[in-house]
Amino acid sequence: MTRFASIISGRRTKWAVVAAWIVLVAILAGPGGKLADETNDQTEGFLPAGAESTRVLNLLGDLQVEHGLTYLFISHDLNVVQHMSDRIIVMYLGVIAEVGNAEEVFRDPRHPYTEALLAANPSMHEDDARIRLQGSVPDPSSPPEGCRFHTRCPVAVAACGWDVSDVLRVLEERGRALEGLRGVERRTPVEGTLAFETEDEAASVVAELLGDRAPAPMRAAAEVIEARGRDVHVRFPAVEEMSVHAVGHGHHTACILHADDAGPASP
Ligand code: SF4
């Protein structure tokens with residue numbers, strides 16, 4: 001603790017105190033005890049930037065070795081994750097996207113979200129052939145059907161799970177005026193009716209949804225996209241929520257693109 005106190009200065013008190021508690025609780029928990037660290041995100045003020053941050057992390061690493069501790073780190077900082085972790089769980093909208101040994105996940109990610117996270121870190125990927133995420137994060141209280149990542153996945157396919165909300169999102173993203181939309185009836189998440197003021201508006205929306213500017217996987221997935229008078233009917237096949245499957249020893253992903261990859265056991 002004396003070593004720890006020696007690097008505390010002024011405004012660093014907050015993270016220093018939190019880190020001290022982490023170590024204390026971890027030691028009290030004993031070897032094999034789990035430690036939940038809410039966040040070490042620098043933007044939330046826990047860790048300082050630069051050398052001091054590295055010193056704190058190295059100190060935590062030293063204590064881990066000395067006392068046989070197990071840390072559970074939750075972080076958006078991939079450099080910290082890579083520095084600290086033996087095993088990684090990548091989560092998106094509250095579910096597991098990928099899990100595996102740290103070295104393997106960083107070297108050979110098997111989920112597009114993991115790839116996008118790694119590609120977004122310039123210290124890990126310097127080329128311009130990055131996976132770039134589309135759109136914004138959906139409401140976690142009403143997650144998308146099928147793969148929760150499909151609304152932002154640049155390599156999504158028809159089988160990834162499409163729903164009525166995708167139709168509305170696509171129309172909005174294409175700048176399609178929806179003033180004429182009187183209401184949306186969702187009979188299920190994957191089947192519904194968009195009611196418009198006029199038949200022309202309904203026909204125009206169908207043309208938009210079936211046109212080249214709409215996502216090809218969504219068009220391929222649709223069982224019904226058609227105008228009936230002033231209504232637009234849409235229906236997609238129901239898809240189970242993606243669950244993780246093995247793609248290697250201790251390596252699992254929830255991406256359907258790797259469904260045929262060989263792998264033993266469940267996590
Ligand atoms: S299952 Fe894979 S390809 Fe499909 S949306 Fe999810 S991450 Fe993308």
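The values are calculated or read from the model by the stated rules, or taken from the named source; none is laboratory data. Here the structure is a predicted model, which means the values were calculated and not measured. When we count neighbours, we look across all protein chains shown, and the Cβ atoms used for this are built from the backbone with ideal geometry, even at glycine.
See the values below:
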item	result
Which listed residue, of Ala238, Ala203, is under 18 Å from Arg187 (Cβ atoms) and more than 19 Å from the chain's Cα centre (by Cα)	Ala238
Residue count, region 179-213 (criterion: over 14 Å from Leu168 (Cα atoms) and part of a strand (DSSP E or B))	2
Selection status of Ala156, of a type in the set (A, V, I, L, M) and either more than 16 Å from the ligand (Cβ to nearest atom) or surrounded by fewer than 18 Cβ atoms within 10 Å (Cβ to Cβ) (or both)	no
When residues of region 106-151 are limited to those that are more than 11 Å from the ligand (Cβ to nearest atom) and in contact with a His (Cβ under 7 Å, 6 or more places away or on another chain), the one modelled with the lowest pLDDT	Ala119
Among residues of region 214-248, those that are part of a loop (DSSP other than H, G, I, E, B) and out of contact with any helix residue (DSSP H, G or I) (no Cβ under 9 Å at 6 or more places or on another chain), counted	6
Residue match in region 232-240 (condition: buried (at least 18 other Cβ atoms within 10 Å of the Cβ) and out of contact with any strand residue (DSSP E or B) (no Cβ under 6 Å at 6 or more places or on another chain))	yes
Out of Glu185, Glu191, Glu223, Glu179, sole residue that is more than 24 Å from Ala156 (Cα to Cα), more than 16 Å from the ligand (Cβ to nearest atom) and either β-branched (Val, Ile, Thr) or touching a strand residue (DSSP E or B) at 6+ places or on another chain (Cβ under 8 Å) (or both)	Glu185
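Quick grid of which residues meet (1) crowded, with 16+ Cβ neighbours inside 10 Å; (2) of a type outside the set (Ser, Thr, Tyr); (3) touching a residue at least 12 places away in the same chain (Cβ under 8 Å); (4) out of contact with any Ser or Thr (no Cβ under 6 Å at 6 or more places or on another chain):
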{"residue": "Gly68", "(1), (2), (3), (4)": "no, yes, yes, yes"}
{"residue": "Phe73", "(1), (2), (3), (4)": "yes, yes, yes, yes"}
{"residue": "Ile89", "(1), (2), (3), (4)": "yes, yes, no, yes"}
{"residue": "Arg107", "(1), (2), (3), (4)": "no, yes, no, yes"}
